[in-house]
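The values are calculated or read from the model by the stated rules, or taken from the named source; none is laboratory data. The shown structure was predicted, so the numbers you read here are calculated from the model rather than taken from an experiment. Note that we place each Cβ from the backbone using ideal geometry, even for glycine, and neighbour counts take in every protein chain shown. Each accessible area value is taken on the protein alone, full model and side chains, heavy atoms only, with ligands, DNA and RNA left out. Shrake-Rupley method; radii C 1.70, N 1.55, O 1.52, S 1.80 Å.
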Amino acid sequence: MTGPALWRLDATALVAGYRAGRFTPEQALQACLARDAATRERLNALIWRDPEGALAAARASTRRWAQGQPLSELDGVPVTVKDNLHVQGWPTRWGSRLLPEQPRPADELPVARLRAAGSVLWAKTHLPEFAMQGITDNLLHGPCHNPWDLGRTPGGSSGGAAAAVAAGLGPLALATDGGGSIRRPAAHCGVLGFKPSAGRVPRAGGLPEIFLDYEVVGGLARSSRDLQTLLGVLAGGAKAALPEPPSRPARILVLPRFGQHPVQAGVRERLAQVTEGLQALGHELVQPAAFDLADDLNQHWSSLNGVGLAWLLDTPAAWARLGTGQPAPADLRLAGPVAQAALAAGRQGTAQSLFRLLAAIHVLQQTMRDLFEQADFVLTPSTACVAWPLGASHPEQIDGQAVGPRGHAVFTALANAAGLPAISLPTGLVDGLPCGLQLIGPAGADAAVLALAREWEPVLRQGPLWPPGLEPAPAEALA
């Protein structure tokens, strides 16, 4: 073949090449394996690999394409899987030393649907312990690095997934989002990340749900068209594929900040530039004087981590659902300091504190329903700042103002609490690092969000697509 290296192509372009006979799924996988070999020591995005199993799957896909009988529009596409989702024959450690390294007997449902679609599952991606942090680091594997600046975090909890897609280790990553865990790393790594509506992607056969139904399965990609195809498969295959709604100008509520929470100046500037471009497309943009309706939710959201973890570790029936064969957790001293602190907080929590969180969620859900009576979509920053240096759990200051552990994350949890579809779209660079904007739609409007993202993507994406620090040596490229 001639043209760009196969690891640079998105899933749609790969499938077009398979269909035309220009290259095969085996060649695409080999390109990803070579890219991984060239970057793994610097990146640390993947924590488990199955090259033999993946090559067998890629060969089977190559035969199907040669016979003109692909299983789906993702047949032969290399996909990575976050390490809190079960893949048959692979371990699921959840980023914790408390879980043994043992093969899982079966795929959980979203993974099974990808496998049935012919996707080539080949590696697991890094995450923080129990997927509970906005960075990607744990005692098992150490820190994951941001491809754009190896001294900075890729965010979390799907930081390994975002870094993998950004670095060319596969065009698609299957991941979870329990408060922004897909969207914020997508923004930090310059890729797209989609969180579906609650219930859109069914789950079964997986880990105990310490985030309840607020955590959903979604994906990261390098194009909105790939995310649209992925969602169709995850939501139930071809019969459940989401139709594109008719294109029309939309009324968009623009929220540059929530309450008095600070936002990095460069992020605000990118949002302002994007709104000008969207107005040129004919959309009506409305910016209220203030928006503080998510403040109560953000104040209490992190308590969900501790309560869920305490339930898991202190409830034998919950621990048994992990399928490890252990009657109780291993020595809890094996857990990292963040998990230890969350467990202590969860054990000390009261029914009243939990009810405060549920009350905040209830109020926000009604507020968002009312808001979408007046607007079609909401546009916010994905994160309040760009990626910060490794070794810190969060930035201590944003725009010169001191912030707490979730100061960078104020924009994303409301979509989880209200069950809304939301996507993070790359919007160029701020101080040399990727920045993203978040588009939120009404509950169930996944198709509308993805269609609008596809229309906007050429307007939003500015600047280079590939991290300059991970450019390949000539031998890596397929020519």
>> Looking only at residues that are hydrophobic (A, V, I, L, M, F, W, C), part of a helix (DSSP H, G or I) and open to solvent by less than 70 Å² (accessible area, probe 1.4 Å) in the range 362-379, which one is nearest to residue 252 (Cα to Cα)?
In response: 371
> Among the listed residues 5, 45, 13, which satisfies the condition of being in contact with a Cys (Cβ under 7 Å, 6 or more places away or on another chain) and open to solvent by less than 40 Å² (accessible area, probe 1.4 Å)?
Replying inline: 45
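Could you tell me which of the residues 421, 337 is surrounded by 22 or more Cβ atoms within 10 Å (Cβ to Cβ) and within 26 Å of the chain's Cα centre (by Cα)?
Working: 337 fails: surrounded by 22 or more Cβ atoms within 10 Å (Cβ to Cβ).
Being surrounded by 22 or more Cβ atoms within 10 Å (Cβ to Cβ) and within 26 Å of the chain's Cα centre (by Cα) holds for just one of 421, 337, which is 421.
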> What single numbered condition from (1) surrounded by 24 or more Cβ atoms within 10 Å (Cβ to Cβ); (2) farther than 18 Å from residue 253 by Cβ fails to hold for residue 457?
Replying inline: (1)
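Please state which one of 89, 134, 53, 95 is closer than 24 Å to residue 383 by Cβ, open to solvent by 10 Å² or more (accessible area, probe 1.4 Å) and small (Gly, Ala, Ser).
Details: 89 fails: closer than 24 Å to residue 383 by Cβ; 53 fails: closer than 24 Å to residue 383 by Cβ; 95 fails: open to solvent by 10 Å² or more (accessible area, probe 1.4 Å).
Checking each option against the conditions leaves just 134.
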> Does residue 275 satisfy the criteria of being surrounded by 14 or more Cβ atoms within 10 Å (Cβ to Cβ) and over 30 Å from residue 341 (Cα atoms)?
Replying inline: yes
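Suppose we filter the range 168-185 for residues that are in a loop (DSSP other than H, G, I, E, B) and either out of contact with any Gly (no Cβ under 6 Å at 6 or more places or on another chain) or open to solvent by 10 Å² or more (accessible area, probe 1.4 Å) (or both); how many remain?
Total meeting the criteria: 8.
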>> Please go through the range 380-418 and give me each residue that is within 16 Å of residue 218 (Cβ to Cβ), part of a loop (DSSP other than H, G, I, E, B) and open to solvent by less than 10 Å² (accessible area, probe 1.4 Å), ordered by number.
In response: 382, 412
>> Every residue in the range 424-443 that is of a type in the set (Val, Ile, Thr) and either surrounded by fewer than 19 Cβ atoms within 10 Å (Cβ to Cβ) or over 19 Å from the mean Cα position of the chain (by Cα) (or both), please.
In response: 430
> Looking only at the range 186-227, which residues are open to solvent by 30 Å² or more (accessible area, probe 1.4 Å), assigned to a helix (DSSP H, G or I) and on the phi < 0 side of the Ramachandran plot?
Replying inline: 213, 214, 225
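Filter the range 54-84 down to the residues that are in a loop (DSSP other than H, G, I, E, B) and in contact (Cβ under 8 Å) with a residue 24 or more places away in the chain and list them by number.
Hits for the range 54-84 are 70, 71, 72, 73, 74, 75, 76, 77, 83, 84.
Let's see how each residue does on (1) of a type outside the set (Ser, Thr, Tyr); (2) more than 15 Å from residue 302 (Cβ to Cβ); (3) out of contact with any Phe, Trp or Tyr (no Cβ under 6 Å at 6 or more places or on another chain):
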residue	(1), (2), (3)
325	yes, yes, yes
331	yes, yes, yes
344	yes, no, yes
351	yes, yes, yes
357	yes, no, yes
361	yes, no, yes
364	yes, yes, yes
380	no, yes, no
> For the range 16-29, how many residues are surrounded by 16 or more Cβ atoms within 10 Å (Cβ to Cβ), closer than 25 Å to residue 193 by Cα and either without any contact (Cβ under 8 Å) to a residue 24 or more places away in the chain or β-branched (Val, Ile, Thr) (or both)?
Replying inline: 1
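Yes or no, residue by residue, for (1) out of contact with any His (no Cβ under 7 Å at 6 or more places or on another chain); (2) open to solvent by 20 Å² or more (accessible area, probe 1.4 Å); (3) of a type in the set (D, E, K, R); (4) in a helix (DSSP H, G or I):
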| site | (1), (2), (3), (4) |
| --- | --- |
| 333 | yes, yes, yes, yes |
| 341 | yes, yes, no, yes |
| 356 | no, yes, yes, yes |
| 360 | no, no, no, yes |
>> So residue 291 passes all but one of these: (1) surrounded by 16 or more Cβ atoms within 10 Å (Cβ to Cβ); (2) within 29 Å of residue 143 (Cα to Cα). Which condition number does it fail?
In response: (2)
